[in-house]
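Student: Take a look at the following structure, please.
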Amino acid sequence: MMLIFSFFFIFNVDVFALKTTRSCDEDPSSNVCLLHELTKEKQELKSSQLEVQSLKKTVGTLQAQETNCPTVAFRTQLTHDVASPSAGFHFVFDDIKLNIGNGYNNHHGTFVAPVSALYFLSYRFTITPGTSNSLIRLVMKLNGEIVSHAMSAYESHYTTASYTNINHLNAGDDVWLEVLENNYSFVIIGNIANLGP
Ligand SMILES: *[C@@H]1O[C@H](CO)[C@@H](O)[C@H](O)[C@H]1NC(C)=O
């Protein structure tokens, strides 16, 4: 008699277990399922809160970086042509269009980095035609050292070349463009009206 009772009990537990695993599909509003849903929602809320915390931290870091690294930008060009510049000629782009951070000096033609940072520097030249064996070489110098060859041209027609450089500059480093070599009467076009056809 005892044995039968025991068997019956186990059987009953089995049926209950079977019911709870199947019941969420069949009956989503059962207490067990609601509890399960609630636990899941709680976990999701917790992870959302953690995500918000981490985003707040990122925003704080970015705001701090923005105050440590102010915007520096400049754009400048020539108001006049430069005819037959010889080696060592230092370009002074006298027409400043933009100078956030006041890094560019239109009297010396030099950009002095106001803050230490990575700088994206870009420049463009247009020159008049040369002959088959003529040569002009323009370079960008950083603290007096050549960091890029802006142009080498032998062309027999108008030539435009543009270059971009990414350089790390320390505050106070200076950058300018100059002629390294020129053995022909090239004219660097500053006045757009002289560009020709
Ligand atoms: C200019 O310099 C280049 C390179 O040194 C040379 O090949 C060329 O003959 C020179 N041209 C003239 C006109 O001197």
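Student: Given the options 109, 135, 119, identify the residue whose Cα lies farthest towards the positive end of the charge dipole of segment 73-195 (+1 on Cβ of Lys, Arg; -1 on Cβ of Asp, Glu).
Tutor: The Cα lying farthest towards the positive end belongs to 119.
Student: Binning at 5 angstrom from zero up to the longest distance, how are the C-alpha pair distances of the chain distributed in percent?
Tutor: For the chain, the binned pair fractions read 1, 6, 10, 12, 10, 7, 6, 4, 3, 3, 3, 3, 3, 4, 4, 4, 4, 3, 2, 2, 1, 1, 1, 0, 0 percent.
Student: Here's another thing I want to ask about it. Give the distance, in whole Å, between the Cα centre of segment 62-89 and the Cα centre of segment 107-184.
Tutor: Going from one Cα centre to the other spans 12 Å.
Student: I need the calculated FRET efficiency for the pair residue 27 and residue 49, taking r as the beta carbon distance and R₀ as 35 Å, to the nearest 0.05.
Tutor: Taking R0 as 35 Å, the efficiency between residue 27 and residue 49 is 0.65.
Student: Kindly give the semi-axes, whole Å and largest first, of the ellipsoid equivalent to segment 133-197, taking each as the square root of 5 times a Cα gyration tensor eigenvalue.
Tutor: Working: eigenvalues 133, 39, 20 Å².
Computed over segment 133-197, the values are 26, 14, 10 Å.
Student: Let me ask something else. If you stretched the chain out fully between residue 86 and residue 122, how much longer would it get, using 0.36 nm times the residue separation minus the C-alpha to C-alpha distance?
Tutor: Difference between extended and current length: 10.7 nm.
Student: Among 162, 148, 30, rank each residue by its count of other Cβ atoms within 10 Å, from fewest to most, as a rough exposure measure.
Tutor: Working: 162 11, 148 17, 30 14.
Lowest count first: 162, 30, 148.
Student: If the only charges are +1 at each Lys and Arg Cβ and -1 at each Asp and Glu Cβ, what is the size of the charge dipole of segment 107-190 around the Cα centre, to the nearest 20 debye?
Tutor: 160 debye
Student: Identify, among 62, 24, 100, the residue whose Cα sits farthest towards the positive end of the charge dipole of the chain, taking +1 on the Cβ of Lys and Arg and -1 on the Cβ of Asp and Glu, with the dipole about the Cα centre.
Tutor: Farthest along the dipole direction, towards plus: 24.
Student: What lysines could a cross-link reach from residue 57, if we take a straight Cα to Cα line under 25 Å and drop same-chain neighbours fewer than 8 places away?
Tutor: 42, 46
Student: Any idea what the relative contact order of the chain is, in percent, if you count C-alpha pairs under 8 Å spaced at least 6 apart?
Tutor: Answer for the chain is 22 percent.
Student: Relative to the compact-globule scaling 2.2 N^0.38 Å, provide the ratio for the alpha-carbon radius of gyration of segment 126-167.
Tutor: Numbers: Rg = 11.8 Å, N = 42, 2.2 N^0.38 = 9.1 Å.
Expressed relative to 2.2 N^0.38 Å, the Cα Rg reads 1.30.
Student: Within straight cross-link reach of residue 141, meaning Cα distance under 12 Å, which aspartates and glutamates are found once same-chain residues fewer than 8 apart are removed?
Tutor: Within reach: 173, 174, 178.
Student: Charges only on Cβ, +1 for Lys and Arg, -1 for Asp and Glu: so what's the dipole of the chain about the Cα centre, in debye to the nearest 20?
Tutor: 160 debye
Student: Go ahead and estimate [θ] at 222 nm for the chain from helices alone: -39,500 (n - 2.57) per DSSP H run with n ≥ 4, summed, over the residue count, rounded to 500.
Tutor: That calculation yields -11500 deg cm²/dmol at 222 nm.
Student: Right, something else. Give the order of 179, 59 when sorted by the count of other beta carbons within 10 angstrom, beginning with the fewest. Spell out each step's value before the answer.
Tutor: Values: 179 22, 59 10.
In order of increasing Cβ crowding within 10 Å: 59, 179.
Values in this text are rule-based calculations from the coordinates and carry no lab data. Please read these numbers as outputs of a predicted model, since none were measured by experiment. All Cβ positions, glycine included, derive from the backbone under ideal geometry; neighbour counts span all protein chains shown.
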